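**Student:** Structure provided below as structure tokens; questions to follow.
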Amino acid sequence: MDASARHLRLLSETIAAVNSTLDLEEVLGLVARKVAGALEADACFVYLYDDQSDELVLRATHGTRVEEMTRTPRMRPGEGITGTAAEARSPIMIPSQAHLDERFKAFPNLPEDQYESILAVPILAREKLAGALNVRTIDPREFSHAEIDLLVAIAGQVAQTIEHAKLYADAQARVSELEALAKISEAVSESLYLEESLEAIVNTTMDAVGATGAALVLEDGNIAKPEGRAGKHAIRMPLRWKRRQIGELVCDRDTPFTDQERALLASIAHHAAVALEHGRAVMRGVLAQEIHHRVKNNLQTVASLLRLQARSDEVDPQKALEDSVNRILAIAAVHEVLTLRRDEEVDLDELLDRLRSMLVQGLGAEKRVESKLAHISLAGGRATALALVFSELLQNALEHGGESVRVELAQRDGQVVLAIADDGGGIGDDSGGTGLSIVRALVRDELRGTLELQSNGGLRAEVVFPA
């Protein structure tokens, strides 16, 4: 078989091989392997042109490899022997000592100086630079004109395959982007819980761009759902809602972000802003509904207390009004704590201390009030009942007790114990009065506990109920 027929066969086989797939990385690997085989070279290096950075980036090798954990070799057109061939749109052949050529560009992680000869040609797609490739031999070698023409022909045919593979890769990337956005949209629309939406956004963001870490930074500075670790490159995309920035999407990676990835992250940031406002709107609706429910229950409690006061045989209008005011304020204190915390539980020590200050100031009592309050949490409904019990007992101690009052709140054997003691004259267990009737009813019906009154050098009222 003459050289022309052999070269034609090699050209056909090489093109058939690289046309067998549209996966870009596989295409480039096949190009490096088949070109080296066609020209019986020891190594082949394939560069792709990145028009955004105006650089030739090494994407595939055969016969050698780039050392791991190092920067990918890249050069501008006109740099190095291969870059010069790319810029000139013309092949360059150096038969020996190519590493001594003044145009040679060395890379510390690419052992090219072990090769004597080089044949470099541009990869042109319709006269547009798409990349460059070179073949190398360890021994000196003078490539023939026919071999140079063969490599130029292969490069010309390979250019179209590479362009198609790049389009396919772009299309696949676009599909992945759309899938990521669809997944985020689904999470935003289906989940009523803000935490779930934010977690889905962060996890999908990391998968979509291969990030090492991601997080949503809210406008108040709080960081929501941080995942992963920091990288060498970070990008911050604003979360905007009705022309107002409500946070940032922060994404980290060890490699730079492309313009296409930045556009994807901008779309994700928009979805994150929608999710954030959607979640907040849901929470505001739930919170408003819960507040309305609590207000309704509290007003019903106030109405019941006023009816009980009105049924009393001996009613001092002014005293009855003052007592009712204190009861309403006690209920309001619980309501305020629940609203501020946006929680179903109340810290009793905080609540009782607030009520203590309010009653002492309201009654103008010149008495010493000591308190020892353990940190105990209680559900909102039971906290309202305990607040009323506490207000009635403390008000009684301030009005009828001696010079000092002691308040204790503790947890003992699975029971909550509230004790209010004074050094006054004391009263018997059979004492009546509207206030004490209210206390007994609340302790029995709402707290499912017991009330014990001890009159010994003063009055000690002890309420015990299950924690």
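**Student:** Restricting attention to strands (runs of 3 or more DSSP E) lying wholly within region 348-467, give those where 3 or more residues are at pLDDT 85 or above and crowded, with 18+ Cβ neighbours inside 10 Å.
**Tutor:** Once the strands (runs of 3 or more DSSP E) in region 348-467 are filtered for at least 3 residues that are at pLDDT 85 or above and crowded, with 18+ Cβ neighbours inside 10 Å, what remains is 404-412, 415-422, 459-466.
**Student:** If residue 217 passes every condition in (1) at pLDDT 80 or above; (2) farther than 28 Å from residue 59 by Cα; (3) among the β-branched types (Val, Ile, Thr) but one, which one does it miss?
**Tutor:** Answer for residue 217: the failing condition is (1).
**Student:** Something else about it: Within region 39-54, track down each residue that is in a strand (DSSP E or B) and over 36 Å from the mean Cα position of the chain (by Cα).
**Tutor:** 43, 44, 45, 46, 47
**Student:** Let me ask something else about it. So is residue 57 open to solvent by 60 Å² or more (accessible area, probe 1.4 Å) and either out of contact with any helix residue (DSSP H, G or I) (no Cβ under 6 Å at 6 or more places or on another chain) or assigned to a loop (DSSP other than H, G, I, E, B) (or both) or not?
**Tutor:** So residue 57 does not fit the description; no.
**Student:** For the condition hydrophobic (A, V, I, L, M, F, W, C), open to solvent by 10 Å² or more (accessible area, probe 1.4 Å) and either modelled with pLDDT of 70 or more or in a loop (DSSP other than H, G, I, E, B) (or both), what is the one hit in 169, 224, 208?
**Tutor:** 208
**Student:** Moving to a separate point now. Given (1) farther than 17 Å from residue 122 by Cβ; (2) open to solvent by 70 Å² or more (accessible area, probe 1.4 Å); (3) not in a loop (DSSP other than H, G, I, E, B), identify the lone condition not met by residue 36.
**Tutor:** It fails just one condition, (2).
Table: residues versus (1) farther than 14 Å from residue 60 by Cα; (2) open to solvent by 10 Å² or more (accessible area, probe 1.4 Å); (3) assigned to a strand (DSSP E or B).
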position: 114; (1), (2), (3): yes, yes, no
position: 118; (1), (2), (3): yes, no, yes
position: 121; (1), (2), (3): yes, no, yes
position: 124; (1), (2), (3): yes, yes, yes
position: 133; (1), (2), (3): no, no, yes
position: 140; (1), (2), (3): yes, yes, no
position: 143; (1), (2), (3): yes, no, no
position: 147; (1), (2), (3): yes, yes, no
position: 151; (1), (2), (3): yes, no, no
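**Student:** Continuing with this model, one more query. Please go through region 7-42 and pick out each residue that is of a type in the set (Gly, Ala, Ser) and modelled with pLDDT under 80.
**Tutor:** 12, 16, 17, 20
**Student:** Say whether the condition of being open to solvent by less than 30 Å² (accessible area, probe 1.4 Å) and in contact with a Pro (Cβ under 6 Å, 6 or more places away or on another chain) is met by at least one residue in region 86-102.
**Tutor:** yes
The values are calculated or read from the model by the stated rules, or taken from the named source; none is laboratory data. Owing to the predicted nature of the structure, the values given are computational and were not obtained by experimental measurement. When we count neighbours, we look across all protein chains shown, and the Cβ atoms used for this are built from the backbone with ideal geometry, even at glycine. Side chains are part of the model used for accessible areas, which takes the heavy atoms of the whole protein and leaves out ligands, DNA and RNA. Shrake-Rupley method; radii C 1.70, N 1.55, O 1.52, S 1.80 Å.
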